[in-house]
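Here's the structure, in structure tokens; my notes come after.
The values are calculated or read from the model by the stated rules, or taken from the named source; none is laboratory data. What you see is a predicted model; the values in this text were computed from it and never measured. Note that we place each Cβ from the backbone using ideal geometry, even for glycine, and neighbour counts take in every protein chain shown. Just so you know, the surface numbers come from the protein's heavy atoms only, side chains and all, with ligands and any DNA or RNA stripped out. Shrake-Rupley method; radii C 1.70, N 1.55, O 1.52, S 1.80 Å.
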Amino acid sequence: MKITNAKVIVCSPGRNFVTLKIFTDQGIFGLGDATLNGMEKSVVAYLENYCIPALIGRDPGNTEDIWNYFYRGVYWRRGAVSMTAVSAIDMALWDIKGKVLNTPLYNLIGGKSRKKVLVYCHANGKDLDDTIEKIGKEIETGFKAVRVQSGVPGISHTYGVARDNKFYEPAHKGLAQEEYWDTSKYLNFVPTLFSRVRENYGDDIHLLHDVHHRCTPNEAARLAKELEPYHLFWLEDPVSGELQEGLRLIRQHSTTPIAIGEVFNSIYDYSTLFTEQLIDYIRMPLVHGGGITHMLKVAAMGSVYHINTGFHGATDLSPVNLAASIHFNLAVNNFGIQEYMPHQSIVNEVFKTNYSFNDGYLTIDDSPGIGVDIDEKKAGLYPYSVARLPVNRKTDGTLFNW
Ligand code: EZ4
Ligand code: CO
């Protein structure tokens, strides 16, 4: 069997998605997600100019060799743009493998370790009362786990909070908008927020919170410690992850579980975090973490250190990635939770999906491979439109982490 061609489909049903479609000489094709929010066209250029010409003629069954070809073989290893391209290639090849063998992806990577995939949703409000109300709605919808983000008094706009009471969407049309941030106001507010949430909704609901890289290790240690009484499922990205040793400080002060790595793209980003058991959950998703081939290794290494998966699953990761993640989450033993921000309904006009949500969990049907298809005619109706993630400054104007 041979790869005959591949193409990149860029579409924007409400937000931009990049999808790689790999064709074979047996009429079977595979799909991979190649979306890197706000940097879409860089991945497109890398795939079209460098990867696709090198894919043609290869046997799509050789997932391991092809992965290494585009990782070791390119000399300039790692990096978000190239790893997203590698992820898309790998995902599409596993999709093809499943279709050739007429079996769902999860069967190729261990079969089902569980019946269904626990997911968490987002609840965010402009202030404390609004957030409390939004959490109630999510619990009514059936969610067993909720990520809680709230507007902070004194900060004009806070990460994770929807504008104009619409759904939360990280990227905005056009060039990057600037936001303003005040860590001390944030740190003073968050424990009060979670105290109210527990008071209102009791102990059963799993609560998560994303710090979105805004603290120093010492600030994060304070926050993790002060949140201990509310026993979070996890505290996400309390610090930016480049300084892996920085997580030691948080660990020394608190038992609040830590999730990290949605911006990581390699197993080496995790090495110290794993071997010193500095975190509890792996956030790196299939689409940015080198696809199924690499993430199986990351999950396996994590399992040695009692670390579970908790993949990124915001709306800027396409339905192809979500479906592949459900297969993966069903299969690996050390699954923890999956982020699930449902896509807008127009996304489902373009992508034909095979998963469903019921009572706090996602399940997927038994179609072969990943099981998601793309309607290229519909995709053509929604052309690419420039959108960027925000840039963040401290109130005095100093550029800061978003
Ligand atoms: O900011 O997906 O946990 N989820 C997140 C997301 C990310 C966006 C970036 O594109 O942090 O909202
Ligand atoms: Co996050």
Q: Under 16 Å from a label point 7 Å along Cα→Cβ of T103: give me every residue in segment 26-61 with its amide N that close.
A: 61
Q. How much of E228 can a 1.4 Å solvent probe reach, expressed as accessible area in Å² and rounded to 10?
A. 70 Å²
(Q) Need the full-extension length gain, R248 to D373, defined as separation in residues times 0.36 nm minus the C-alpha distance. One decimal, nm. (A) 40.6 nm
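Once you keep just the Cα pairs under 8 angstrom separated by 6 or more residues, what percentage relative contact order results for segment 108-369? Intermediate values should be presented prior to the final figure.
Values: 457 pairs, mean separation 53.8, N = 262.
It rounds to 21 percent for segment 108-369.
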Q. Any idea how far apart V263 and E228 come out in nm if each label point goes 7 Å out from Cα toward Cβ?
A. 2.9 nm
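Given R₀ = 22 Å, FRET efficiency for K112-N348 by Cβ-Cβ distance, to 0.05? If you can, show how the numbers build up before the last one.
On the way: r = 25 Å, r/R0 = 1.14.
Using R0 = 22 Å, I get an efficiency of 0.30.
Please give the calculated 222 nm ellipticity per residue for the chain, where each DSSP H segment of at least 4 residues contributes -39500 (n - 2.57) and the sum is spread over every residue; nearest 500 deg cm²/dmol? Walk me through the numbers on the way to the answer.
Working: 14 runs with 137 residues, N = 402.
That calculation yields -10000 deg cm²/dmol at 222 nm.
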Q: Pop a pseudo-label 7 angstrom from the Cα along the beta-carbon direction at both T141 and D129 and give the gap in nm to one decimal.
A: 2.3 nm
Q. Any idea what angle helix 217-226 forms with the longest principal axis of the chain, computed on alpha-carbon atoms, 0 to 90 degrees, nearest 10?
A. 70 degrees
Q: Can you bin segment 3-104 into rounded, prolate or oblate? Criterion: square roots of the alpha carbon gyration tensor eigenvalues sorted a ≥ b ≥ c, rounded for a/c under 1.5, prolate for a/b above b/c, oblate for the rest.
A: oblate
Q: Please give, to one decimal in nm, the separation of the simple spin-label points placed at R163 and S42, each 7 Å out from Cα toward the Cβ.
A: 2.3 nm
Q. What FRET efficiency comes out for the pair W76/N218, r = Cβ-Cβ distance, R0 = 51 Å, nearest 0.05?
A. 0.90
Q. Ignoring ligands, DNA and RNA, how do Y305, Y50, Y186 rank by accessible area with a 1.4 Å probe, largest first?
A. Y50, Y305, Y186
Q) Just the accessible area per residue of segment 1-136, please: how many Å² with a 1.4 Å probe? A) 40 Å²
Q: Leaving ligands, DNA and RNA out of it, work out the accessible area of S266 with a 1.4 Å probe and give it in Å² to the nearest 10.
A: 0 Å²
